[in-house]
Amino acid sequence: MNQAQLQQMAQVVLDQNWNGQFTKPAPSLYPHQWNWDAGFIAIGNAYDNFGRAMAEMRHLFSAQWKNGLVPQIVFGDDPQARYFPGPGFWQAHRSAQAPEHIQTSGITMPPVHGFVLWKMYEVAADKAQAKAFLKEMYPKVLALHRYLYDYRDPEEEGLVYIRHPWEGGTDNSPIWDRTLSRMQIDRDQLPAYERKDLQKPKAAEHRPTQEDYDRYVYLVDLFRQHDYDDQKIYEECPFLIQDPLFNGILSWSNEALIQIGSLIGEDITEPMQWHELTVWSMNEKLWDEDRGIYNAFDLRAGEIIPVHTSSGLIPLCGEVPTQEQAEAMLRTLESPAFGGKDSGILLCPTYSMEAKDINYKKYWRGPVWINLNWLLYHGLMRYDMTEMADRIRKHSLELLSRHGFYEYFDPRRPAEGEIGCGTDQFSWSAALCLDFLQ
Ligand code: 2M8
């Protein structure tokens, strides 16, 4: 398939998943609007459909909570949509902070919006229109970051915690295993629920387990019992993790807020302070000198989580590491753990291949994801590591053009069984393909 054909097919996926108000991540598995998906999708649309990219972001932020939180899911009103947990389970209206006019979940997601807006501005054909859009959005993104630093960084370290695996975006990442396994769940006490994500034949094999879902549900139940009060949740929640992917993305967006604020003549004192502190703290607390990667930290247990997933390489995109640290990260990427040097593996597996429990087909426990490849690509480019960056871009395009716009991919060559996994017609795979093709 040539580039023009691939581009056209990616556009078709985005057109088909657009419902007039927002883009569904996938037609049946994810029928509402998701937070970081919306950001990646807006980047893809910014080239040829800037109006739709703006509408996507406006729809997401129309559901921003009064305290600044931007929800993980904004629910659409399609009566056919089948997804668990839906708005009735979340009961976000228990919080006085939730918006009244639209239904949302009660947690957030990686804060991609700052760099998404900056990227949209960079590629915009009509700079005056894009600048006006930045003016409109800047205070909203600033309010989101303020929420994160005010409510999710209790020790004022500059490191934001997530309180649910869904907030991290990497739902069943091995990073969460130990913390989740410490949670003793009494199934009789758990609210009754029915998963809707197991329709496809391989879904049970590829998606998170029942034990995972019990814990996801337990946490949502805890949040709603506390009416989504951040302080009470902080006191009681068994899952409080400072994740390098989340904080790396936050750093990139802090930096973008500084750029946007300077361009539109706003006060940038806050993002400058946030940026400096977060970068410093990530290097002080999360950097693993021996292994050339960033770790996560379990705030509840008070310990480092020394589990190596590609999340620990994402801080490259926010220019968190020094040049020297970045070189160590490149060596990590080239090592047998991530297979970056001619190992026949298509980059980049999401979990260290040296881990005994890597599973190349199981969601966030091994497969390649296009959004993480895209973040890594940009991170490597910032350090002029063009060879590895190009390899990641080429591998991404190879997977997409040969196998289609799947949700995630088995990186092995030859792979056993199917290479494209999860849902097809996946919006961010299509959107970031468009960006990779520019
Ligand atoms: C996946 O997560 C949702 C819950 O948020 C799910 O499994 O139902 C993750 O891959 C997440 O990162 C993504 O934003 C979402 C929609 O694509 O699906």
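Only the coordinates and a few stated rules stand behind these numbers; no lab work does. Predicted, not measured: the structure shown is a model, and the values here were computed from it. Note: ideal-geometry Cβ built from the backbone for every residue, glycine included; neighbour counts use all protein chains shown.
Of note:
- With neighbour counts taken as other beta-carbon atoms within 10 Å, the residues R146, R393 rank, fewest first, as R146, R393.
- Extension gain (nm, one decimal) between Y193 and Q438, 0.36 nm per residue minus Cα-Cα: 83.8 nm
- Pairwise label distance in nanometres, E418 with E155, each label 7 Å out on the Cα-Cβ vector: 4.4 nm
- Each of I264 and Q225 was given a label point 7 Å from its Cα along the Cα-to-Cβ line. The distance between the two points is 4.1 nm.
- Annotation: for a label point projected 7 angstrom from Cα along Cα→Cβ of K232, no residues of the range 174-196 have a backbone N closer than 11 Å.
- Equivalent ellipsoid of the range 237-315: semi-axes from √(5λ) of the C-alpha gyration tensor, largest first, are 27, 13, 10 Å.
- For the range 193-279, the alpha-carbon coordinates run over 51, 34, 22 Å along the three principal axes, in decreasing order.
- Residue-span extension gain [D77 to A355] - 0.36 nm each, minus C-alpha spacing: 95.8 nm
- FRET efficiency for I304 and K131, using Cβ-Cβ distance with R0 set to 35 Å, rounded to 0.05: 0.25
- Per-residue ellipticity at 222 nm from helix content only, as computed over the chain with -39500 (n - 2.57) for each DSSP H run of at least four residues, stands at -14500 deg cm²/dmol.
- Dimensionless Rg/Rh of the range 6-139 - Kirkwood Rh, Rg from C-alpha atoms: 0.97
- Once the GluC sites (Glu not before Pro) in DSSP loops with at most 12 neighbouring Cβ atoms within 10 Å are cut out of the chain, the longest remaining piece is 1-99.
- Projected label distance in nm at D15 and N283, using a 7 Å step from Cα toward the beta-carbon: 4.8 nm
- Fewest-first ordering of V279, V141 by other beta carbons within 10 Å of each residue's beta carbon gives V279, V141.
- The charge dipole of the chain, taken about its Cα centre with unit charges on the Cβ atoms of Lys, Arg (+1), Asp and Glu (-1) only, comes to about 1120 debye.
- Anisotropy class of the range 26-347 from Cα gyration tensor, a/c 1.5 cut: rounded
- Pairs beyond 29 Å (Cα-Cα), from K66/K285; K66/K232; K202/K232; K24/K131; K66/K135: K66/K285; K202/K232
- Helix runs (DSSP H) in the chain reaching 24 Å along axis by Cα, Kyte-Doolittle at least 0.0: 244-264
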